[in-house]
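The values are calculated or read from the model by the stated rules, or taken from the named source; none is laboratory data. Treat the numbers as computed from the prediction; the structure is a model and nothing was measured. No Cβ is skipped: glycine too gets one built from the backbone with ideal geometry, and neighbour counts run over all protein chains shown. Just the protein is used for accessible areas: all its heavy atoms, side chains included, with ligands, DNA and RNA removed. Shrake-Rupley method; radii C 1.70, N 1.55, O 1.52, S 1.80 Å.
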Amino acid sequence: MDAETTAPTAELSIDGDRLWADLMELATIGAYDDEATGLRGVDRQSLTDADRAGRQLLISWMAELALEVTIDEMGSIFGRREGSDPGLAPVLIGSHIDTVATAGAFDGCLGVLGGLAVLRAFDAIGLRTRRPIVVAAWTEEEGVRFGTDMLGSAVAAGRLSLDHAYGLTDAEGRSLGDELARIGFKGERPVRLDPPHAYVECHIEQGPVLAQEDRPIGIVTGVQSISWQKVTLHGRAAHAGTTPTELRVDAGLAATQIVVEARRMVGSGAYGRLRATVGRIETSPGLPSVVPDRAEITVDLRNPDDEDMARAEADLAAFIETLPETQPGLRIETARMARTKAVPFSEAVQDTLETAAKERGHDSMRIMSGAGHDAQEIAAIAPAAMVFVRGQHQGISHNPREYSTPEDCRAGIEVLASAVRELSA
């Protein structure tokens, strides 16, 4: 039975209860009690024992759907539903199930488990698509453990090499390659991905825009440029009470100057829609009565315009170079953690998603992503776009308060299902 001869789109129904139950069950793996919120959070960082358990659960659900499961050299998991013409390039649905240390239940997981919900809906009406459909769970999207986000998809699309990825280490010095082998997910499928026909990803927005606009669905136009760097400042330890200010080499002071300068740059308006965040600050020895001899910070810059981003990076680097002028003896090291250019998504795939939203009766709007996603990597080799789902509590994410309603989750996956049906016909 070809796609053209099956029931109309209106009969394609997502089992929202099963989708929600899957999200909640996966969230029990790596669950912890969060003191700050009083809620249950999720800590399922990439290639940990918890991640292994989450992967095993995902594979069991793929087996229920009789998908052909393969694992690539980066540990990314692929579940393939064959089409009536197996020689055609597949439609790829993807996202991730690894989390940050203080996560909720939805970031990444909605896209992967939603992909399985789409295939269940197809099975329920006996829909056999012409093109194969593949659901992918990419390795280390978050980048919190090995320092590089969208890692599995970046290697699959060819932006980063497999050797580079294998050599990355976590805070304890454990390499990604060794950890893949340890948890049993160093697969044999070649990591370089043959270009799919199209790539689609459903994800929570992780921001407040859809809620402010009172729309459940966002059609994502692209992803802004992202720059991560680590700055390490080496000063000189000294007694806080006996050392005159003018004789100090205060690494902590230099770190705070960078924080203030980054915020000043954002407020200046000279760099377009720049966003800057210093998300990590650590000082040593970390004692109240000792001038820090070492400080380490991370600087996250984001900008939808590549030229504005390049100027911001250059000007911040120039500012950092001036810091030893005010504190002779200060030594500074910088290291690039990640750098991606702004990525526009396929207009054709965006249109398909928007049409699907209209057919489903869901109000949508075009929106640019402020966060990085695997879709931006696969966009280098195939037409790609994303569906955003409205979040509650100002769209907070990477936090146990992260929440999208069952109704909005189902709406996003309904849009995904209709679009995948069209793209795979």
Over the stretch 109-145, the set of residues surrounded by 24 or more Cβ atoms within 10 Å (Cβ to Cβ) and over 30 Å from Asp85 (Cβ atoms) is Cys109, Glu140, Glu141, Arg145
Would you mind finding the one in Ile381, Ile367 that is farther than 14 Å from Gln212 by Cα, of a type in the set (Val, Ile, Thr) and surrounded by fewer than 21 Cβ atoms within 10 Å (Cβ to Cβ)? Ile381
Could you list all residues from the stretch 279-290 that are open to solvent by less than 60 Å² (accessible area, probe 1.4 Å) and among the aliphatic types (A, V, I, L, M)? Val290
Might you check whether a residue that is under 30 Å from Gly54 (Cα atoms), surrounded by fewer than 15 Cβ atoms within 10 Å (Cβ to Cβ) and basic (Lys, Arg) occurs anywhere in the stretch 190-198? yes
Checking the condition under 24 Å from Pro344 (Cβ atoms) and surrounded by fewer than 20 Cβ atoms within 10 Å (Cβ to Cβ), which residue from Ala276, Ala317, Ala310 passes? Ala310
Which residue pairs have Cβ atoms closer than 7 Å, lie 6 or more positions apart in sequence or on different chains, and pair a first residue in the stretch 227-241 that is in contact (Cβ under 8 Å) with a residue 60 or more places away in the chain with a second residue that is open to solvent by 20 Å² or more (accessible area, probe 1.4 Å) and among the aliphatic types (A, V, I, L, M)? Trp228/Met337; Gln229/Ala335; Gln229/Met337; Lys230/Ala335; Lys230/Met337; Val231/Ile332; Leu233/Ile332
In the stretch 407-425, what residues are under 21 Å from the mean Cα position of the chain (by Cα) and open to solvent by 20 Å² or more (accessible area, probe 1.4 Å)? Arg410
Where residues in the stretch 90-145 are part of a strand (DSSP E or B) and of a type in the set (Gly, Ala, Ser), which of them is farthest from Leu416 (Cα to Cα)? Ala103
Taking the stretch 146-186 on its own, how many of its residues are assigned to a loop (DSSP other than H, G, I, E, B), aliphatic (A, V, I, L, M) and under 18 Å from Arg44 (Cα atoms)? 3
Are any residues in the stretch 256-280 more than 26 Å from the chain's Cα centre (by Cα) and free of Cβ contacts under 8 Å to residues at least 60 places away in the same chain, and if so, which ones? Thr256, Val260, Glu261, Arg264, Gly267, Ser268, Gly269, Ala270
If Gly177 passes every condition in (1) open to solvent by less than 10 Å² (accessible area, probe 1.4 Å); (2) in contact (Cβ under 8 Å) with a residue 24 or more places away in the chain but one, which one does it miss? (2)
Hits in the stretch 336-357 - residues which are surrounded by 13 or more Cβ atoms within 10 Å (Cβ to Cβ) and either more than 24 Å from the chain's Cα centre (by Cα) or among the small types (Gly, Ala, Ser) (or both): Ala338, Ala342, Ser346, Thr355, Ala356, Ala357
Checking the conditions here, which among Ala317, Ala338, Ala348 is closer than 30 Å to Leu92 by Cβ, among the small types (Gly, Ala, Ser) and either assigned to a helix (DSSP H, G or I) or at pLDDT 95 or above (or both)? Ala348
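Of the residues that sit in the stretch 320-335 and are in contact (Cβ under 8 Å) with a residue 60 or more places away in the chain and assigned to a helix (DSSP H, G or I), which one is farthest from the chain's Cα centre (by Cα)? Let's see the steps before the verdict.
At the first step, the residues of the stretch 320-335 found to be in contact (Cβ under 8 Å) with a residue 60 or more places away in the chain are 320, 323, 327-335.
From what's left, assigned to a helix (DSSP H, G or I): 320, 323.
Values: Ile320: 29, Leu323: 33 Å.
In this case the residue turns out to be Leu323.
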If we keep only residues of the stretch 153-164 that are under 16 Å from Ile378 (Cα atoms) and either charged (D, E, K, R) or under 11 Å from the mean Cα position of the chain (by Cα) (or both), then the residue surrounded by the fewest Cβ atoms within 10 Å (Cβ to Cβ) is Arg159
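On the phi > 0 side of the Ramachandran plot, buried (at least 17 other Cβ atoms within 10 Å of the Cβ), of a type outside the set (A, V, I, L, M) and assigned to a helix (DSSP H, G or I) - does that describe any residue in the stretch 384-397? Break it down stepwise before answering.
Step one: list which residues in the stretch 384-397 are on the phi > 0 side of the Ramachandran plot, which gives 393-395.
This time we only want the ones that are buried (at least 17 other Cβ atoms within 10 Å of the Cβ), so: 395.
When the remaining residues are screened for being of a type outside the set (A, V, I, L, M), the result is 395.
So of that shortlist, the ones also assigned to a helix (DSSP H, G or I) come out as 395.
Yes, the stretch 384-397 has at least one match.
Listed here are the residues, each with its yes/no results for (1) small (Gly, Ala, Ser); (2) touching a Phe, Trp or Tyr at 6+ places or on another chain (Cβ under 9 Å); (3) surrounded by fewer than 17 Cβ atoms within 10 Å (Cβ to Cβ).
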residue	(1), (2), (3)
Glu246	no, no, yes
Ala254	yes, no, no
Ile258	no, yes, no
Ala270	yes, no, yes
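Kindly indicate which of Met24, Met62 is over 25 Å from Ala171 (Cα atoms), aliphatic (A, V, I, L, M), open to solvent by 50 Å² or more (accessible area, probe 1.4 Å) and assigned to a helix (DSSP H, G or I). Write out each step before concluding.
Numbers: Met62 fails: open to solvent by 50 Å² or more (accessible area, probe 1.4 Å).
That would be Met24, the only listed residue that is over 25 Å from Ala171 (Cα atoms), aliphatic (A, V, I, L, M), open to solvent by 50 Å² or more (accessible area, probe 1.4 Å) and assigned to a helix (DSSP H, G or I).
In the stretch 28-49, which residue that is open to solvent by less than 20 Å² (accessible area, probe 1.4 Å) and touching a residue at least 60 places away in the same chain (Cβ under 8 Å) is farthest from Cys109 (Cα to Cα)?
So the residue we want is Leu47.
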